[in-house]
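Below: the structure, in structure tokens.
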Amino acid sequence: MEETNILFLDDEESILRSIKGLFMDSSFRIVTTSDPDEAMEIIEKGNIKVVFSDHRMPKITGVEFLKKIKKKHPSIIRILFTGYADIQSIEDAINLAQVYHFVNKPWDTNDLKVTISNAIAHYDLMAENKKLVKNLEEKNAHLKVLLEKQKEFTSTVSHELRTPLASMKTSMDILLSGTPGNLTEDQKDIVTMSKESTDRLNRLINDILDYSKMGSGKTSLNIETVNVNTVIQQVVNVQNSVAEDKGLRLKCELDRRLPDIYVDKDKINQVLTNLINNAIKFTEKGEVVIISSGHKDKNFIEVCVKDSGPGISDEDKNKLFEVFQQLGDSRKHIGGTGLGLAICKEIVDFHGGKIWVESELGKGSAFKFLLPIKERRGGNE
């Protein structure tokens, strides 16, 4: 078992003898001296956990001595040991030396033993905490290195996959066009299914690259003055044909008084495209409504994409914006990369906004996000 050393510094030899006799049979070792210079030499050798110092001494005051200990060895527990302490000395001991405790002379033996026991326990606890923090920092540093390597690997592999995928897609487009010769209906179905799988794989790679960039902090926002209604209308114009193919209607309810805000237009387009595309995919009949509203008094605008689909369970709502999460039974039949909503959340968060979903099973879903009117990215208002 490691030996615990307690140092007593006092200019009265009779007190030091009493201390030695008092703790002769203790489990810890008592070291005593009347010389502050010798006390510092003892401390420099190590293995001292607690220092008791008398206040009134010829060469130096106890507060000054403990202040030196605090500066050079802050982990050592410091206790002022005196019979002449006044208010100023106590204030100095607290403010300058940050002492752990005061012991008055003449001391109570039981109180002194309890004080030493508590001081040792405090020292050991602080040492253990320091060790745990160090271990945690080392593990975090190691994890950070591994994470960077993983992101680099993901980016490299994703880029390498794009070229053969593009070649495969081109080849299938040529086959479907009939240029090499007409295909039978069965052959067309097989090539079409292969092309859809290739397109899905390409979307997955793009999503992985987007999310990887955001997670590594390498994504930068191209901020400009934007009217979100204009962006909504642009996305709706593109998605209209997709909705019409399913017999759905895209409806806009836009606040014409919506103020211009500072955002990355392409990123917000990406969020809207993902939300509207999801709403179309998960709605079999009815309409998808896109609503915008401004709230200048609260410094945000709100955008809502509302569908009349099957709705989302509470269990699924809790994990909806996490990476690679698929929804429950009501939506399993529709494939996705599992990254779209996670990317939406990252983009909205980057802008200092908030995104969430309101939904009940059988009653559709409303995906809503807020964007600040005045910039507050990175905590700036």
Exercise for the section: Can you tell me which residue among LEU112, LEU125 is modelled with pLDDT of 80 or more and touching a Leu at 6+ places or on another chain (Cβ under 9 Å)? Expected result: LEU112
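Any chance segment 224-242 includes a residue that's at pLDDT below 85 and under 24 Å from LYS169 (Cα atoms)? Show your work before the answer.
Let us first name the residues in segment 224-242 that are at pLDDT below 85, namely none.
No; the residues of segment 224-242 include none that is at pLDDT below 85 and under 24 Å from LYS169 (Cα atoms).
Looking for whichever is open to solvent by 50 Å² or more (accessible area, probe 1.4 Å), closer than 21 Å to ARG29 by Cα, in contact with a strand residue (DSSP E or B) (Cβ under 9 Å, 6 or more places away or on another chain) and at pLDDT 85 or above here; the options are SER53, SER75. Which one fits? Outline the logic, then answer.
Details: SER53 fails: open to solvent by 50 Å² or more (accessible area, probe 1.4 Å).
Sole residue among the options that is open to solvent by 50 Å² or more (accessible area, probe 1.4 Å), closer than 21 Å to ARG29 by Cα, in contact with a strand residue (DSSP E or B) (Cβ under 9 Å, 6 or more places away or on another chain) and at pLDDT 85 or above: SER75.
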Handout entry: Candidate set: segment 103-143, residues that are open to solvent by 70 Å² or more (accessible area, probe 1.4 Å) and aliphatic (A, V, I, L, M); chosen: the one farthest from LEU80 (Cα to Cα)
Key = LEU143
Practice task
Identify, by number, the condition in (1) open to solvent by less than 30 Å² (accessible area, probe 1.4 Å); (2) within 18 Å of PHE367 (Cα to Cα); (3) in contact with a strand residue (DSSP E or B) (Cβ under 8 Å, 6 or more places away or on another chain) that ARG249 doesn't meet.
Solution key: (1)
Exercise for the section: Within segment 254-264, track down each residue that is open to solvent by 20 Å² or more (accessible area, probe 1.4 Å) and closer than 11 Å to VAL303 by Cβ. Expected result: LEU254, ASP255
Problem - Of all residues making up segment 326-381, the number that are in a helix (DSSP H, G or I), out of contact with any helix residue (DSSP H, G or I) (no Cβ under 8 Å at 6 or more places or on another chain) and modelled with pLDDT of 50 or more - result: 2
Handout entry: Residue among ILE312, ILE290 that is at pLDDT below 90, open to solvent by less than 30 Å² (accessible area, probe 1.4 Å) and hydrophobic (A, V, I, L, M, F, W, C)
Key = ILE312
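Against the condition farther than 21 Å from GLU360 by Cα, in contact with a strand residue (DSSP E or B) (Cβ under 7 Å, 6 or more places away or on another chain), open to solvent by less than 50 Å² (accessible area, probe 1.4 Å) and in contact (Cβ under 8 Å) with a residue 60 or more places away in the chain, how does VAL305 come out, does it pass?
Working: farther than 21 Å from GLU360 by Cα: no; in contact with a strand residue (DSSP E or B) (Cβ under 7 Å, 6 or more places away or on another chain): yes; open to solvent by less than 50 Å² (accessible area, probe 1.4 Å): yes; in contact (Cβ under 8 Å) with a residue 60 or more places away in the chain: yes.
Here the answer is no, as VAL305 does not meet what is asked.
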Practice task
Answer yes or no: is there a residue in segment 265-277 that is at pLDDT 90 or above, under 23 Å from LEU221 (Cα atoms) and open to solvent by 60 Å² or more (accessible area, probe 1.4 Å).
Solution key: yes
Handout entry: Residues of segment 40-76 that turn out to be closer than 26 Å to GLU128 by Cβ and in a loop (DSSP other than H, G, I, E, B), as a count
Key = 7
Exercise for the section: Given the conditions (1) modelled with pLDDT of 90 or more; (2) open to solvent by 60 Å² or more (accessible area, probe 1.4 Å), report the number of the one that LYS213 does not fulfil. Expected result: (1)
Completion exercise
Picked from segment 1-25 (must be among the hydroxyl-bearing types (Ser, Thr, Tyr) and free of Cβ contacts under 8 Å to residues at least 12 places away in the same chain), the residue surrounded by the most Cβ atoms within 10 Å (Cβ to Cβ) is SER18
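Quick one: how many residues across segment 26-39 are assigned to a loop (DSSP other than H, G, I, E, B), among the polar types (S, T, N, Q) and either modelled with pLDDT of 90 or more or more than 46 Å from the chain's Cα centre (by Cα) (or both)? Before the answer, list the steps.
The initial filter retains those residues of segment 26-39 that are assigned to a loop (DSSP other than H, G, I, E, B), namely 26-28, 34-35.
After this cut, where a residue has to be among the polar types (S, T, N, Q) as well, the list is 26-27, 34.
If we keep only those that are either modelled with pLDDT of 90 or more or more than 46 Å from the chain's Cα centre (by Cα) (or both) as well, we get 26, 34.
Residues flagged as assigned to a loop (DSSP other than H, G, I, E, B), among the polar types (S, T, N, Q) and either modelled with pLDDT of 90 or more or more than 46 Å from the chain's Cα centre (by Cα) (or both) within segment 26-39 amount to 2.
Kindly indicate which of LEU183, LEU221, LEU176 is under 30 Å from the mean Cα position of the chain (by Cα) and either assigned to a helix (DSSP H, G or I) or modelled with pLDDT under 90 (or both).
Numbers: LEU183 fails: under 30 Å from the mean Cα position of the chain (by Cα); LEU176 fails: under 30 Å from the mean Cα position of the chain (by Cα).
Answer to the check: LEU221.
The values are calculated or read from the model by the stated rules, or taken from the named source; none is laboratory data. Since the structure is predicted, the reported quantities are computational estimates derived from the model, not experimental observations. So basically every Cβ, Gly included, is an ideal-geometry build from the backbone, and we count neighbours across all protein chains shown. Just so you know, the surface numbers come from the protein's heavy atoms only, side chains and all, with ligands and any DNA or RNA stripped out. Shrake-Rupley method; radii C 1.70, N 1.55, O 1.52, S 1.80 Å.
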